[in-house]
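Student: Below is a structure I'd like to ask you about.
A short reminder: the numbers here are calculations on the coordinates, not readings from a lab. If you're wondering where the values come from, they're calculated on a predicted model, not measured in any experiment. Note that we place each Cβ from the backbone using ideal geometry, even for glycine, and neighbour counts take in every protein chain shown.
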């Protein structure tokens, strides 16, 4: 079974997380497949933008806790698969739109924030619940969330571990647009195609300039 599905529509690559029974939790195997798929589209001359979404009722529910439980503390610390995910997405020159179709929690929320644009379904929820299991966001969430929505709202989300709705995420500036669930993917693809139709060197330079300004590359 492939944990990541890929397809193309004209000049747009579509990447779908495919562990619906595990709410698309980030296992090491899934991350390896995801990075491989993203790199393939990033290197494809006929692809100008990428859409990332999840299959089922979740975009991504975060790191695979069952997998992490099998590691000792030292091994868990040394296992930098979430850092590898961050590094992999940061290295992409082509824009990535996250189409958040459901839960985006913990590492899943961080994964969405690693993308360049976030669209959400009206049923999506975003959260950093790590404090509830005795840890803190481990893939840049404390920094990215702060920059996206400001200190006080980021503090509230991180310190309480409580999620916010798609509309709250939109109002806070975390999400660019909210759509009914059955329109989300189509709308994300439309935007990706619009971006892909423009000068790719210029798009890459614009993306890099914004990221450097945010100091997250």
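Student: Return the single residue from 171, 199, 27 with maximal mean-square fluctuation; model: Gaussian network over the chain, springs between Cα atoms under 10 Å.
Tutor: 199
Student: To the nearest 10 degrees, how steeply does helix 181-196 sit against the main Cα axis of the chain, on a 0 to 90 scale?
Tutor: With rounding to tens, the tilt is 50 degrees.
Student: If I fit a long axis through the Cα atoms of helix 81-90 and take the longest principal axis of the Cα atoms of the chain, what angle between them do I get, 0 to 90°, rounded to 10?
Tutor: Roughly 30 degrees, rounded to the nearest 10.
Student: How large, in Å, is the chain by the Kirkwood hydrodynamic radius built from its alpha-carbon pairs?
Tutor: By the Kirkwood definition, the hydrodynamic radius is 17.2 Å.
Student: I want to check the label-to-label distance for residue 132 and residue 2. Put each point 7 Å from Cα in the C-beta direction and report it in nm to one decimal.
Tutor: Taking the simple label geometry, residue 132 and residue 2 are separated by 3.3 nm.
Student: Continuing with this model, one more query. Considering the Cα positions of the range 111-190, please state its Rg to one decimal place and its Dmax as a whole number of Å.
Tutor: When restricted to Cα atoms, the range 111-190 yields Rg and Dmax of 12.8, 40 Å.
Student: Any chance you could run the full-extension gain for residue 198 through residue 83? It's 0.36 nm times the residue separation minus the Cα-Cα distance, nm to one decimal. Don't skip to the answer; put the middle values down first.
Tutor: On the way: separation 115, 0.36 × 115 = 41.40 nm, distance 3.10 nm.
Once the chain is fully extended between residue 198 and residue 83, it gains 38.3 nm.
Student: Here's a follow-up. How much length is gained on full extension from residue 65 to residue 155, taking 0.36 nm per residue of separation minus their Cα-Cα distance?
Tutor: Length difference between fully extended and current span is 30.0 nm.
Student: Please give the FRET efficiency for residue 44 paired with residue 91, using the beta carbon to beta carbon distance and R0 = 22 Å, rounded to the nearest 0.05.
Tutor: On the way: r = 15 Å, r/R0 = 0.69.
Calculated value: 0.90.
Student: OK, next. What value, in deg cm²/dmol to 500, does the helix sum -39500 (n - 2.57) over DSSP H runs of n ≥ 4 give at 222 nm once divided by the residues of the chain?
Tutor: Working: 10 runs with 102 residues, N = 217.
So the calculated ellipticity at 222 nm is -14000 deg cm²/dmol.
Student: A further question on this structure: Which angle from 0 to 90°, rounded to the nearest 10, does the C-alpha axis of helix 200-214 make with the longest principal axis of the chain?
Tutor: Roughly 30 degrees, rounded to the nearest 10.
Student: For q = 0.21, 0.24, 0.25 Å⁻¹, what log10 I(q)/I(0) does the range 88-140 give under the Debye formula with an equal point scatterer on each alpha carbon and no solvent?
Tutor: Debye curve over Cα of the range 88-140, log10 I(q)/I(0) at q = 0.21, 0.24, 0.25 Å⁻¹: -0.77, -0.91, -0.95.
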